[in-house]
Amino acid sequence: MPATTKTNFQLVSNGILNENPIFRLALSMCPAVGISTTVMNGLMLGIAVLFVQVFSSCTIALIKDYIHPRIRIPTYTLTIATWVTVIDLVLAAYMPAAYKEMGIFVKLIVAFAIITMRLEIFACKNTVPASFWDGIGMGLGFMFGMMALGFVRELLGMGTILGYDVLGFRPLLFFVLPAAGFFCVGIMMAMFNYIEVVYNRKKRAKEI
Amino acid sequence: MKEIIRITIGLTVSCLIAALVMGSVFIITDKAKKHNEHVNVQQTMLGLLGYTKQHPAPSDLRLYTIYRYIITDGDTKTLGYMLPVLRGDGVGYQVVVIDLDGQFVNQFKLNINPEKASEPTERSSALKAALKPPKIFVYSDSTIVAKLGRKRLAYLLPGEFPGFKTFINVMLALDPSFEIIGLEITEQEEDPGLGAEIKQAHFKNQFKGKSFEKMKELHVVKEPLPEEYKKYLESKEGKESPIPEGELDVIRSKYQDQDIYALTGATISSKAVTNGVKNMVLKFAYRINRLEAVVSRQHVPVAF
């Protein structure tokens, strides 16, 4: 892929819609299935990924000329691990309230496919500003996906949204369990793809 | 060959840079992190005793920590209690060794700065100086005794027991007659929406006010939580109480001696917490009674 010609806005919206990490790229499915039990969990993990993605993308875009091509993957992993550790330590030291909520999510991130993949496909071929916007787009896309999943699962599983009782009863306890994550991800991915296909068909028809 | 060398150097350099960054951040933030953890534990303890920011702790509230070590000398095992004692005007530490039958073995003064006694490394170096090899000592647990003036207010027990998935860490507050004052879940990784509900007020507050006699035979019942009891349990967290003053006592006495109502869909977690708390209380009562007997017989000037 050559250096991108997209504008900053296109880079951000690309991450949220066209190349949504969960529903379109089907990357980082483990957290999508495991963590998305509530909207709050989705939001917390989304914020954590957003920060790590942006920082790692910028770092790699900055040092891309010095990385030997044979060792780029270990270098990406090291970069992500370094940022995760730094964010974890800084949060624990200076923002104890935020750390209480987000601590466990930040530590999960090192093994996420989406970040490594974005560094490999985008950041190592593009400038720092472009990588920054791409990182923001991907992070927001991931957050959106997680929160959408969390919304459905929390509503159906516990009858609450963000901890507030909306339904007053629990429709299907099954939705909170990990297995239901697969169903939710599958159905939402199908919906997302269907909308995309329909939308693009219209667009293509216009072009002709 | 040249390629291999370049790869090796490249990897080494990137690892070194990463290590350098992580190491320096760790050094910079370590102190603040430890401080935060300390503050967190303090807040949990004061919260259990009923002190909040609006309701600060009185100035004559003192927290004394007792550390329990298991000392192994060849085949014999003894228990070493590191006790805060009154020494001159301040507080020092003294180790009282008790054998497994509760009989006094020996005691000695421990040379440690009382302000640094909460650091595990400080404690083990002080103990190492006092206990000569081949004696081996292993840290077991600690208990905090809260004292208000000259009156003993409560025991605070940090504890850990297996839950449904991993270990659950709790802090338990008991009054001097071993009645439960409060329970706080400090760390857990149960299923969100199911087992994780153990940290909700309507579960953990059920333990409040359970007497020592009731604790001995506390069970979990798989029955829905009565609505009025739920309201009562949750009212203690918030400021406004939906229940009129008079009714609070009625509900309290009605459910005082009830068993614990299990959480919907999380019977195992509910049972784990109940049994864990039960064990903690029973073991603690047994240990503190034995320790107390030895302390009074040997006339140790304990601070708590």
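The values are calculated or read from the model by the stated rules, or taken from the named source; none is laboratory data. Source: prediction; values computed, not measured. Ideal geometry is used to build each Cβ from the backbone, glycine not excepted, and the neighbour counts take in all protein chains shown.
Values for this structure:
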| quantity | calculated |
| --- | --- |
| Test: residue in region B:105-119 that is assigned to a strand (DSSP E or B) and touching a residue at least 40 places away in the same chain (Cβ under 8 Å) | yes |
| Single unsatisfied condition, B:TYR64 versus (1) over 27 Å from B:PRO134 (Cβ atoms); (2) surrounded by fewer than 18 Cβ atoms within 10 Å (Cβ to Cβ); (3) at pLDDT 80 or above | (2) |
| Inter-residue pairs, beta-carbon under 6 Å, first more than 7 Å from every other protein chain (Cβ to nearest Cβ) and closer than 18 Å to A:ILE87 by Cα and in region B:22-42, second of a type in the set (A, V, I, L, M) and in a helix (DSSP H, G or I), 6+ apart | none |
| Residue match in region B:76-89 (condition: touching a Pro at 6+ places or on another chain (Cβ under 9 Å) and not hydrophobic (A, V, I, L, M, F, W, C)) | yes |
| Helices (runs of 4 or more DSSP H) contained entirely in region A:1-112, each with at least 3 residues that are away from chain B (no Cβ under 14 Å) and touching a helix residue (DSSP H, G or I) at 6+ places or on another chain (Cβ under 9 Å) | A:8-13, A:29-34, A:39-63 |
| Region A:124-175 - residue that is more than 11 Å from chain B (Cβ to nearest Cβ) and among the acidic types (Asp, Glu) and, of those, nearest to the chain's Cα centre (by Cα) | A:ASP134 |
| Enumeration of residues in region B:198-224 that are hydrophobic (A, V, I, L, M, F, W, C), more than 14 Å from B:ASN279 (Cα to Cα) and surrounded by fewer than 18 Cβ atoms within 10 Å (Cβ to Cβ) | B:ALA201, B:VAL221 |
| Filter pass, A:PHE132 being in a helix (DSSP H, G or I) and surrounded by fewer than 24 Cβ atoms within 10 Å (Cβ to Cβ) | yes |
| Helices (runs of 4 or more DSSP H) completely within region B:203-304 that count 1 or more residues being touching a helix residue (DSSP H, G or I) at 6+ places or on another chain (Cβ under 6 Å), under 30 Å from B:VAL105 (Cα atoms) and at pLDDT 85 or above | B:267-298 |
| Answer residue from region A:54-80, given it is charged (D, E, K, R) and in contact (Cβ under 8 Å) with a residue 12 or more places away in the chain and is nearest to B:THR12 (Cα to Cα) among those | A:ARG72 |
| Within region B:111-142, considering residues that are more than 18 Å from B:LYS34 (Cβ to Cβ) and among the basic types (Lys, Arg), the one surrounded by the most Cβ atoms within 10 Å (Cβ to Cβ) | B:LYS135 |
| Residue within region B:13-26 that is modelled with pLDDT under 90 and β-branched (Val, Ile, Thr) present | no |
| Candidates A:MET188, A:MET146, filtered to the one that is out of contact with any Pro (no Cβ under 9 Å at 6 or more places or on another chain), surrounded by 15 or more Cβ atoms within 10 Å (Cβ to Cβ), not in a loop (DSSP other than H, G, I, E, B) and not hydroxyl-bearing (Ser, Thr, Tyr) | A:MET188 |
| Some residue of region B:91-106 being in contact with a helix residue (DSSP H, G or I) (Cβ under 7 Å, 6 or more places away or on another chain), surrounded by fewer than 17 Cβ atoms within 10 Å (Cβ to Cβ) and within 14 Å of chain A (Cβ to nearest Cβ) | no |
| Qualifying residue in region B:116-124 (condition: modelled with pLDDT under 85, over 26 Å from B:GLU160 (Cα atoms) and among the hydrophobic types (A, V, I, L, M, F, W, C)) | no |
| Qualifying residue in region B:148-166 (condition: over 18 Å from the mean Cα position of the chain (by Cα), of a type in the set (Asp, Glu) and surrounded by fewer than 19 Cβ atoms within 10 Å (Cβ to Cβ)) | no |
| Strands (runs of 3 or more DSSP E) fully within region B:125-190 counting 2 or more residues that are of a type in the set (S, T, N, Q) | B:136-148 |
| Boolean, B:ILE17 is assigned to a helix (DSSP H, G or I), facing another protein chain (nearest Cβ under 10 Å) and more than 30 Å from B:ALA154 (Cα to Cα) | yes |
